[in-house]
Amino acid sequence: MTAALHLAAPSAPRRRLLRGLAGIPLALALAACASKGAKVDKPAAPLPLPDRDDLNAFLVSGRFAVRHGEQSAAGGFSWRRTPEWRGDAARNGPGTVASNRDEVFFYSPLGQTVAELVITVDGATLTADGRTESAANADALVQRALGLELPLAGGGDWLLARGGAVQRRDGSGRPARIEDRGWRLDYGYPDERPGALPERVVALRLLDEVEVRLKLDEWEALGLDALTGRRP
């Protein structure tokens, strides 16, 4: 087994994930597994989606497949991004947004919740089986706990085809390829609108050719409470 997907003593959530993956071919798992966005708080009624460049607070659900050499894994995920305020702003006072808060739920191909990851300016926290681990780096934390190599360093920006250096644009002027922090990301869109949100992402880590394929099934814009970082 390659080092990227191997842990000498797998954690309980990783063992559960691997049990769910047992006997499921990668392509079948990616096509059939259902992401569980319902476990994440969703707006009562979906808001109209803005153009890609204007979307800041969102919820996206989809599926992932990871391959490194002969090793592979697949599952579902939900990703929620909201601005995070600090100080008086968190209590409806004046202030400015400090950073983004990203909450990611991971699911096995059979639909079981495997873990919840929270990424803020202070670092990353992973909760699984009632236990919580923290680290400065989200990628390293998920690899250590779940044995998955996922491109989390770019956060929700990569899902929106932002950040990094644009290497190629498509006929509608949208980023078709981005390189950032050792990853190359190729994007596919559902239609020709210049402001369309990505539907597929293929991320390749250039150093060792870890490949991650994302299918983004459902995008939702979040409401005013998410945009201000305050609860109603």
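Assorted remarks:
- Qualifying residue in the range 158-167 (condition: part of a strand (DSSP E or B), modelled with pLDDT of 95 or more and in contact with a Lys or Arg (Cβ under 8 Å, 6 or more places away or on another chain)): yes
- Residue in the range 102-120 that is modelled with pLDDT under 95, in a strand (DSSP E or B) and more than 26 Å from Gly223 (Cα to Cα) present: yes
- Against the numbered list (1) more than 19 Å from Asp54 (Cβ to Cβ); (2) open to solvent by less than 40 Å² (accessible area, probe 1.4 Å), Gly171 comes up short only at (2).
- All of (1) among the charged types (D, E, K, R); (2) at pLDDT 90 or above; (3) under 27 Å from Val202 (Cα atoms) hold for Glu133 with one exception: (3).
- Of the residues making up the range 110-126, those that are more than 15 Å from Arg80 (Cα to Cα) and surrounded by fewer than 16 Cβ atoms within 10 Å (Cβ to Cβ) are Gly111, Val121, Asp122, Gly123.
- Breaking point among (1) modelled with pLDDT of 95 or more; (2) farther than 22 Å from Ser72 by Cβ; (3) not in a loop (DSSP other than H, G, I, E, B), for Leu214: (2)
- Against the conditions (1) assigned to a helix (DSSP H, G or I); (2) open to solvent by less than 50 Å² (accessible area, probe 1.4 Å); (3) at pLDDT 90 or above, Asp53 satisfies every one except (2).
- Cβ-Cβ under 7 Å pairs, at least 6 apart or on other chains, the range 128-154 side more than 16 Å from Ser72 (Cα to Cα), far side at pLDDT 90 or above and open to solvent by 70 Å² or more (accessible area, probe 1.4 Å): Leu141/Glu133; Ala145/Glu133; Ala153/Arg181; Gly154/Arg181
- Restricting the range 192-211 to residues that are modelled with pLDDT under 95 and either basic (Lys, Arg) or loosely packed, with under 13 Cβ neighbours inside 10 Å (or both) leaves a set whose member that is nearest to the chain's Cα centre (by Cα) is Arg205.
- Considering (1) within 19 Å of Tyr107 (Cα to Cα); (2) of a type in the set (D, E, K, R); (3) open to solvent by 50 Å² or more (accessible area, probe 1.4 Å), the lone condition that Lys215 does not fulfil carries the number (3).
- Filtered residues of the range 127-143 (kept if open to solvent by 80 Å² or more (accessible area, probe 1.4 Å) and of a type in the set (Val, Ile, Thr)): Thr132
The values are calculated or read from the model by the stated rules, or taken from the named source; none is laboratory data. From a predicted model like this one, the values you see are computed outputs, not experimental measurements. Don't worry about glycine lacking a Cβ; one is built from the backbone with ideal geometry, like all the others, and counts go over all protein chains shown. For accessibility, only protein heavy atoms count, side chains too; no ligands or nucleic acids. Shrake-Rupley method; radii C 1.70, N 1.55, O 1.52, S 1.80 Å.
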